[in-house]
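Chemist: Here's a structure for you.
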Amino acid sequence: MTDRRSFLQAGALAVGALGLPRSARAAAADAGPRVVSTWDFGVGANQVAWKTLTAGGSALDAVEQGARWAESELCNPTVGRCGNPDRDGNLSLDASIMDGDGRCGSVAALIDILHPVSVARRVMEQTPHVMLVGQGAQAFAVEQGFPRGKLLTPAAEKAWRAWLQTAEYAPQINAERRTLPGDSSNHDTLGILARDAQGRLAGACTTSGMAWKMQGRVGDSPIIGAGLYVDNEVGAATASGVGEEMIRNVASFLVVELMRQGRSPAEACREAIARVVRKRPEASRTLQVCFLAMNRDGEVGAYALHRGFVYAVCDAQRQDGLHDADSVYRTEQA
Ligand code: ASP
């Protein structure tokens, strides 16, 4: 349902030539190291990644460490060990990692392994493949020495049992920002992008995907090009929100390709969002989709379908920056 306050800026999206609001251009290009992450909890992930960078780690090490922090230290119902399960009560995790030279790895529907992002990195470094899923991913993780243990928390199990009362699958816009354990958030992802002192880029995504998803459902986060894409020649992009929309539009790849054609990160994110709206105008009123991008010079931009997407920026000047992304719809619920 829409009202007068909730409007689609179709004109602005179609024209595409309007000046970008200042808030969309979070960080000016200065070619220094920088880390950016989705959502308010991205501040914590950035700080861990920043420590890794300042200790001499690469951009790839930094995004892995930032994502690991989210998987084990952040107790959030939509990422890592505190994630909400699927509709059958299984907590299954998705993650991906990619560097600017096109090396990448991912895992999907991984059960009972705490650090999917590190398993994704092993897929990238130790196998001839890019993606492992389900039991195969779990067997590979165990073979690589990752401990296996039940992850579903009592709070997540309680939330699942409460959800079973209605069993209605209705993703909420910006449920991400309610980060208390045991709440009923449907979705959320940590997407993290880093640029190191040598100008190398890398990115990672980690998520428990959509809460109450069908068993076996895979979102955008472990799909290279959908939830994450990195190219040292151009820049990097990541996404959060209802992953089916990102997969339909190969959205992170699209954002990077738009930057390749000369768009700023914010312009590229805005144009990718416009693509989502054009393809499914009605659905776009009720779903959240968010893009975050950084170009090879370290310039950062973001754009979302709905108001409420925040992203964290960390660099030598400031380690806890948090910014509001501009959006198509100006109310939190359209
Ligand atoms: N993109 C994730 C998925 O669809 C969830 C999210 O970021 O909110 O699995």
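Chemist: For region 115-126, which residues satisfy the criterion of being of a type in the set (A, V, I, L, M) and either in contact with a His (Cβ under 8 Å, 6 or more places away or on another chain) or within 10 Å of Ala141 (Cα to Cα) (or both)?
Modeler: Taking region 115-126 and keeping what is of a type in the set (A, V, I, L, M), we get 117, 119-120, 123-124.
Across region 115-126, the qualifying residues are Val119, Ala120, Val123.
Chemist: Could you tell me whether region 87-94 includes any residue that is surrounded by fewer than 22 Cβ atoms within 10 Å (Cβ to Cβ) and of a type outside the set (D, E, K, R)?
Modeler: Step one: filter region 87-94 for residues surrounded by fewer than 22 Cβ atoms within 10 Å (Cβ to Cβ), giving 87-90.
Narrowing the set further to residues that are of a type outside the set (D, E, K, R) leaves 89-90.
Yes, because at least one residue in region 87-94 is surrounded by fewer than 22 Cβ atoms within 10 Å (Cβ to Cβ) and of a type outside the set (D, E, K, R).
Chemist: State which residue pairs qualify: first residue over 19 Å from Arg318 (Cβ atoms) and inside region 43-71, second residue of a type in the set (D, E, K, R) and modelled with pLDDT under 95 in any location, beta carbons under 7 Å apart, and separation of 6 or more residues or different chains.
Modeler: Sorted first by the residue in region 43-71, then by its partner, the pairs are Glu71/Arg81.
Chemist: Picking from Thr52, Thr2, which residue would you name as being open to solvent by 20 Å² or more (accessible area, probe 1.4 Å) and either in a strand (DSSP E or B) or modelled with pLDDT of 95 or more (or both)? If you could, list the steps in order and put the result at the bottom.
Modeler: Working: Thr2 fails: either in a strand (DSSP E or B) or modelled with pLDDT of 95 or more (or both).
Step by step, each of Thr52, Thr2 is checked, and only Thr52 is open to solvent by 20 Å² or more (accessible area, probe 1.4 Å) and either in a strand (DSSP E or B) or modelled with pLDDT of 95 or more (or both).
Chemist: For region 234-272, give me each residue that is at positive phi and either touching a residue at least 12 places away in the same chain (Cβ under 8 Å) or of a type in the set (Asp, Glu) (or both).
Modeler: Our first condition is that a residue be at positive phi; within region 234-272, this holds for 235, 241, 250, 262.
Matches in region 234-272: Gly235, Gly241, Val250.
Chemist: Here's a follow-up. When Ala283 is evaluated against the numbered criteria (1) of a type in the set (A, V, I, L, M); (2) in contact with a strand residue (DSSP E or B) (Cβ under 7 Å, 6 or more places away or on another chain); (3) at pLDDT below 95, which criterion, by number, is the only one it fails?
Modeler: (2)
Chemist: When Gly298 is evaluated against the numbered criteria (1) in contact with a Lys or Arg (Cβ under 7 Å, 6 or more places away or on another chain); (2) within 22 Å of Asp188 (Cβ to Cβ); (3) buried (at least 16 other Cβ atoms within 10 Å of the Cβ), which criterion, by number, is the only one it fails?
Modeler: Answer for Gly298: the failing condition is (2).
Chemist: Then there is this: Taking the options Ala316, Ala283, name whichever one is among the aliphatic types (A, V, I, L, M) and in contact (Cβ under 8 Å) with a residue 60 or more places away in the chain.
Modeler: Working: Ala283 fails: in contact (Cβ under 8 Å) with a residue 60 or more places away in the chain.
Ala316 is the lone residue from the list that is among the aliphatic types (A, V, I, L, M) and in contact (Cβ under 8 Å) with a residue 60 or more places away in the chain.
The values are calculated or read from the model by the stated rules, or taken from the named source; none is laboratory data. What you are looking at is a predicted structure, and each value in this text was computed from that prediction instead of being measured. Glycine gets a Cβ as well: all are built from the backbone with ideal geometry, and neighbour counts include every protein chain shown. Surface accessibility is based on the protein's heavy atoms, side chains included, excluding ligands, DNA and RNA. Shrake-Rupley method; radii C 1.70, N 1.55, O 1.52, S 1.80 Å.
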